[in-house]
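Structure, as structure tokens:
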């Protein structure tokens, strides 16, 4: 039997899930150890290796694979291991002497890719600097008791020459003018959204301030040259479960040395430094909190230069913490001022879970702003009689192209989706390139692209297939079970937790389990789909805090 890191068997994936649960605390201790070695090097705080988000840092997943290798070898269950890179191979050869260990391919030369990323970073900085506006800065400096709210700008928010906020629009609709005039948005740009035209459209509706309105040339240079300084991060003599892992950690760090998130995190840090120098009257800082690298730069800058000011981390996404436990800050992150003083949670179930796990940070409930329309009565219309001959399945995609290809491969391998009794709808993310769906989805599968809003589509959907996202929780309100699929280099819960809704959530490890879950729901729709208005309304209030005046006032306090 072999262990292929790029193609784990279903049983191996399940074992990795168990290992990930066991190693979480040890991994946090490893990050602390690296941090302690670099106490005088703040660049560590903006690096990818401090992040516990698997999309930003693959180190934890790699360590789980190494532990899996050792366990299977100890049980004499494998004869050959095929690793993803040479660093993994070298580590395993330290202890596994009688196993054939090879690597998928030689280490690729990334000069061209790194050059592209470097030029992309320069382009980002030039565009950002070009959008600097002294008039806007002067206006901002005259504001008193500012509530500074981090948000994101993406091109889709500026369709048809109109700015529509995807993050806080429903909040602004419910507060009076007096409060609104002291709210200033602090946008982080997706590259194609850095345009004066877009900024002007946003300013017609809300107050905004840009990083570049305060930054100096020195700040841009320091942020851009981060890739040179990370070589000074001390990664010597790192031991994890008996393996020396220095080279693995350094490779992960260097592979992301042109990471735009690290550069933006530094821009956030320097922006708060400059705002402090100009004595800006900030009363409250709200971070759209996903505990990623960008968040760390914003919160560290605020905590260092405005330590007396209240800050809140708003978890506006209703994410599954058992999959994305990076949302829950570690002790090291709290002690080193990398997170807000208070975490605001929109999910009552996870409020209780968070309270048990982290007693060393303030916690509060917050309105489910992005799911405001769930509280409107029209969305609770009874579904009516289930169609026993036709099952409507909606597949919900993310913004990640790599993730989309992976999900498409899963769909292509799932035989039941080729059945004429399945009405299959594909819902691309608004930032996705729709051409990839036509190009990669099997011609044997009959599907349609969804053109309705998610809520409209869900009214008649029998099964939702999705990655971990807010959509998974929103499906409950429509009485629709959701099948949550595994992302590459990630994990799924290895047991059912108290936060999971009974009979509504299924986890698919691979295409075989996906097919089994779909079949299970189809043969007994009455068990897994809910038509009952009261039951669905109960789920709404179990998983979403209402967007009412009281919750909003507390949130902005």
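Does the stretch 383-531 come out rounded, prolate or oblate by the C-alpha gyration tensor, with a ≥ b ≥ c the root eigenvalues, rounded set by a/c under 1.5 and, if not, prolate when a/b is larger than b/c and oblate if not?
Numbers: a/c = 1.38, a/b = 1.17, b/c = 1.18.
Rounded is the answer for the stretch 383-531, as its axis ratio a/c remains below 1.5.
By how many nm would the segment from residue 201 to residue 308 grow when fully extended, if each residue of separation counts as 0.36 nm and the alpha-carbon distance is taken off?
On the way: separation 107, 0.36 × 107 = 38.52 nm, distance 3.36 nm.
Here the answer is 35.2 nm.
Rounded, prolate or oblate: which fits the stretch 104-196, taking a ≥ b ≥ c as square roots of the Cα gyration tensor eigenvalues, rounded meaning a/c under 1.5, else prolate when a/b beats b/c?
Working: a/c = 2.73, a/b = 2.04, b/c = 1.34.
Because a/c hits 1.5 or more and a/b exceeds b/c, the stretch 104-196 counts as prolate.
Determine, from the Cβ-Cβ distance of residue 86 and residue 409 and an R0 of 30 Å, the FRET efficiency 1/(1 + (r/R0)^6), rounded to the nearest 0.05. Can you show the working numbers first?
On the way: r = 26 Å, r/R0 = 0.88.
After rounding, the FRET efficiency stands at 0.70.
Starting from 0.36 nm per residue, how many nanometres of slack lie between residue 247 and residue 192 once their C-alpha separation is accounted for?
Taking residue 247 through residue 192 to full extension adds about 16.3 nm, to one decimal.
When 206, 249 are ordered from fewest to most other Cβ atoms inside 10 Å of their Cβ, what list results?
Values: 206 18, 249 21.
Placing the least packed residue first, the sequence is 206, 249.
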Simple spin-label estimate for residue 254 and residue 512 in nanometres, 7 Å along Cα-Cβ
4.0
Please work out the Cα center distance from the stretch 1-72 to the stretch 533-549, rounded to the nearest Å.
36
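For the chain, what does the alpha-carbon gyration tensor say about shape, rounded, prolate or oblate, given a ≥ b ≥ c as the root eigenvalues, a/c under 1.5 as rounded, and a/b over b/c as prolate? Intermediate values should be presented prior to the final figure.
Numbers: a/c = 1.64, a/b = 1.07, b/c = 1.53.
Verdict is oblate for the chain.
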Over what distance in Å are the Cα centres of the stretch 185-203 and the stretch 444-506 separated?
32
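What's the exposure ranking of 157, 496, going from fewest to most Cβ atoms within 10 Å?
Details: 157 22, 496 11.
In increasing order of surrounding Cβ atoms, one gets 496, 157.
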For the chain, what is the percent of antiparallel DSSP beta bridges, rounded to the nearest 5?
5
Put a dot 7 Å past each Cα toward the Cβ at residue 122 and residue 389; how far apart are the dots in nm?
6.4
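Between residue 401 and residue 218, what FRET efficiency comes out of the Förster formula 1/(1 + (r/R0)^6) with R0 = 45 Å and r the beta carbon distance, rounded to 0.05? Write out the running numbers ahead of the final one.
Values: r = 35 Å, r/R0 = 0.79.
Once the sixth-power term is evaluated, E becomes 0.80.
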When a footprinting reagent is the concern and you count Cβ atoms within 10 Å, what order do 418, 52 take, fewest first?
418, 52
Suppose each label sits 7 Å from its Cα in the direction of the beta carbon; what would the residue 434-residue 526 distance come out to in nanometres?
4.0
Relative to the compact-globule estimate 2.2 N^0.38 Å (N residues), the Cα gyration radius of the stretch 119-168 stands at a ratio of 1.45
Asserting the computed 222 nm helical MRE of the chain (DSSP H runs at least 4 long, -39500 (n - 2.57) per run, divided by residue count, to nearest 500) equals -12000 deg cm²/dmol
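If contacts are Cα pairs under 8 angstrom and at least 6 residues apart, what is the relative contact order of the chain in percent?
Working: 856 pairs, mean separation 81.0, N = 557.
Relative contact order for the chain comes out at 15 percent.
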Work out how much length residue 455 to residue 283 would gain on full extension: take 0.36 nm times their residue separation and subtract the Cα-Cα distance, in nm to one decimal.
58.3 nm
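Since every read-out is calculated from the coordinates, none of them should be taken as a lab result. Predicted, not measured: the structure shown is a model, and the values here were computed from it. Don't worry about glycine lacking a Cβ; one is built from the backbone with ideal geometry, like all the others, and counts go over all protein chains shown.
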